[in-house]
1. State yes or no: is Arg89 open to solvent by 100 Å² or more (accessible area, probe 1.4 Å) and modelled with pLDDT of 85 or more?
2. Got a number for residues in the stretch 40-59 being within 23 Å of the chain's Cα centre (by Cα) and part of a strand (DSSP E or B)?
3. So which residues in the stretch 92-119 are open to solvent by 70 Å² or more (accessible area, probe 1.4 Å), closer than 26 Å to Asp52 by Cβ and among the charged types (D, E, K, R), if there are any at all?
4. Residue check: is Gly114 at positive phi and either modelled with pLDDT under 90 or part of a loop (DSSP other than H, G, I, E, B) (or both)?
5. Could you tell me whether any residue of the stretch 70-78 is within 15 Å of Met35 (Cβ to Cβ), out of contact with any Ser or Thr (no Cβ under 6 Å at 6 or more places or on another chain) and of a type outside the set (Lys, Arg)?
6. Which one of the conditions (1) among the charged types (D, E, K, R); (2) closer than 30 Å to Ser109 by Cα; (3) surrounded by 15 or more Cβ atoms within 10 Å (Cβ to Cβ) does Glu26 fail to meet, given that it meets all the rest?
7. Contact list please: Cβ distance under 8 Å, first residue in the stretch 12-24 and under 16 Å from Met95 (Cβ atoms), second residue open to solvent by 60 Å² or more (accessible area, probe 1.4 Å), pairs at least six apart or on different chains.
Amino acid sequence: MANESAKTELASMLDEFQQQMRVLGEMQQKRAQLMATGYALQKRVTVVVNADGTVIETRFDEDLEGLSLHELSKAVTEAAQAAATELGRKSAELMSPIQERRGRMPKMSDLIEGLPDLTERIPEPIPASTAPPNSPERHQHADQGMTFTDVEDLDDITPGRIRADDW
């Protein structure tokens, strides 16, 4: 009887998976059409991005006289970042039904006794910096770097092992 229950549960999961793939395909088509707009300088600078965050249009109001190139470039960056933020919001809103469906599906660890829930091990995404390339913020994070502790020192390599300079 437990075997029949497991078969029924698995068939239900497969049906749900197929439905989710269909919905995902529809969402991807809708996502491909997304655009977002960002503004700066009281809407005198406008940047439009596509679903991939690529700038597809930049517009300047005729009333930009007197602005330095630095002020103008800063405004374009601000508008592009605003458009990217809006794109993120729209994308999350579009994909929320998929996330909700996924949350309702049983995890493999629910179906197979003793199987660990691997979703707990997925690290949280780290937001990308919006700091300019040579800003102190970028230098601060670059100095931290990654440290690897399970590596061999090249001087400790025993004879007979292949080394990079042997190639």
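The values are calculated or read from the model by the stated rules, or taken from the named source; none is laboratory data. A quick note: this is a predicted structure, and the numbers were derived from the prediction, not measured. Neighbour counts run over all protein chains shown; Cβ positions are idealised from the backbone, glycine included. Quick note on the areas: whole protein, heavy atoms, side chains included, nothing else; ligands and nucleic acids left out. Shrake-Rupley method; radii C 1.70, N 1.55, O 1.52, S 1.80 Å.
1. Numbers: open to solvent by 100 Å² or more (accessible area, probe 1.4 Å): yes; modelled with pLDDT of 85 or more: yes.
Taking the combined requirement at face value, the residue satisfies it.
2. Within the stretch 40-59, the first condition is being within 23 Å of the chain's Cα centre (by Cα), and the residues that meet it are 47-57.
If we keep only those that are part of a strand (DSSP E or B) too, we end up with 47-50, 55-57.
So the count comes out to 7.
3. Hits for the stretch 92-119 are Glu93, Glu100, Arg102.
4. yes
5. No, the conditions are met nowhere in the stretch 70-78.
6. (3)
7. Going by the 8 Å Cβ cut-off, the qualifying pairs are Gln20/Arg102.
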